[in-house]
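First the structure, in the form of structure tokens, and then the observations on it.
FYI, it's all coordinate maths here, none of it is from the lab. Because the structure is predicted, anything quoted here is derived from the model rather than measured. No Cβ is skipped: glycine too gets one built from the backbone with ideal geometry, and neighbour counts run over all protein chains shown.
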Amino acid sequence: MKVFVLDNGKLDLDLAWLLLNPHTGTVDNPNPPAEWVTIPTYTVLIEHPTLGWVLYDATCHPEWDRRWPEALRPVFPYRATDNQLLPAQLDQLGLRMRDIDIVVISHLHVDHCGCLDFFRGTKAGSRGIIVHEDELSHALKVTHVGPLDFAGAYAKVEFELPNLNYDLMMGSHLELAPDLHLYHWPGHTPGLIGMVAHTQHSGTFIFTSDAIYLERNLKEWRLSGIVYDSVAYFRSMYAIKQLSRKYEATLGYGHDLEAFTRLKKAPEYYE
Ligand SMILES: [Zn+2]
């Protein structure tokens, strides 16, 4: 099995989304300024001897500035070079969307499912994109009850697509292969899926997606600013911590720039 980490560019946003209340006001400093930070967005591609090509997550759509709800665009604007867009990252490995066998989406926020649009009618899209049943039902619910086509970071336009099926993960664990596992780690959203890859020579990798945004959330045991269920959030972080100890794993956090910088990027890979 080969594990490729694809660099899909950056998002800029207020640190308070990632770390709850990072700068508390005090009587001496009642209005501390927001801290504007830059974070990576990435996808993971697996070349597997029995499963074929497996893609974990789908970053932002290249035309995000036309597709995203107007209210979201200035809150966490996306920027990427032409080469960082997902189709181009696959292209540099000689792949097209239609070559991908299985797509797993960690959760349906716009910066994790944006390129699903490109999988309409492909074998992965016909087979069914793997999402957790709790995620799809939540995303559909929150985007269909209000006056708008989006709610929070969920936007209908990015996941409710013609010629695209879903293959719903149920329960807490799914073994795709003996060396490739999916886990249900709710908290950030109801149906967040993490991926654990056991490589032959480079050890175990745990891709947490937004179950843990930053290494700081884990090290300082801190809540992020976007949480659906805070009790589940800490349970999931605890489960990830135990797994990472058990396997002495390398952690791929949702959006930690420093930890991301330490990872090898495609076309290099782990195996
Ligand atoms: Zn998210």
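Things worth noting here:
- Cβ separations smaller than 6 Å between residues 6+ apart or across chains give the following pairs from region 67-79 residues that are farther than 16 Å from residue 38 by Cα to residues that are surrounded by 18 or more Cβ atoms within 10 Å (Cβ to Cβ): 67/61; 68/110; 69/150; 69/155.
- Residue count, region 168-193 (criterion: of a type in the set (Gly, Ala, Ser) and farther than 14 Å from residue 133 by Cα): 2
- Residue match in region 81-88 (condition: over 24 Å from residue 213 (Cα atoms), more than 16 Å from the ligand (Cβ to nearest atom), among the small types (Gly, Ala, Ser) and surrounded by fewer than 23 Cβ atoms within 10 Å (Cβ to Cβ)): yes
- Where helices (runs of 4 or more DSSP H) fall wholly inside region 106-157, the ranges with 1 or more residues that are closer than 17 Å to residue 73 by Cα, of a type in the set (A, V, I, L, M) and within 12 Å of the ligand (Cβ to nearest atom) are 110-113.
- Contact annotation: residue pairs with Cβ atoms under 9 Å, 6 or more positions apart or on different chains, pairing a residue in region 27-42 that is surrounded by fewer than 13 Cβ atoms within 10 Å (Cβ to Cβ) with a partner that is hydroxyl-bearing (Ser, Thr, Tyr), are 32/24; 32/26.
- Residue match in region 95-105 (condition: touching an Asp or Glu at 6+ places or on another chain (Cβ under 8 Å), within 15 Å of residue 57 (Cα to Cα), within 16 Å of the ligand (Cβ to nearest atom) and not acidic (Asp, Glu)): yes
- Residue 74 meets all of the listed conditions (1) more than 16 Å from the ligand (Cβ to nearest atom); (2) of a type outside the set (A, V, I, L, M); (3) more than 23 Å from residue 225 (Cβ to Cβ) but one, namely (3).
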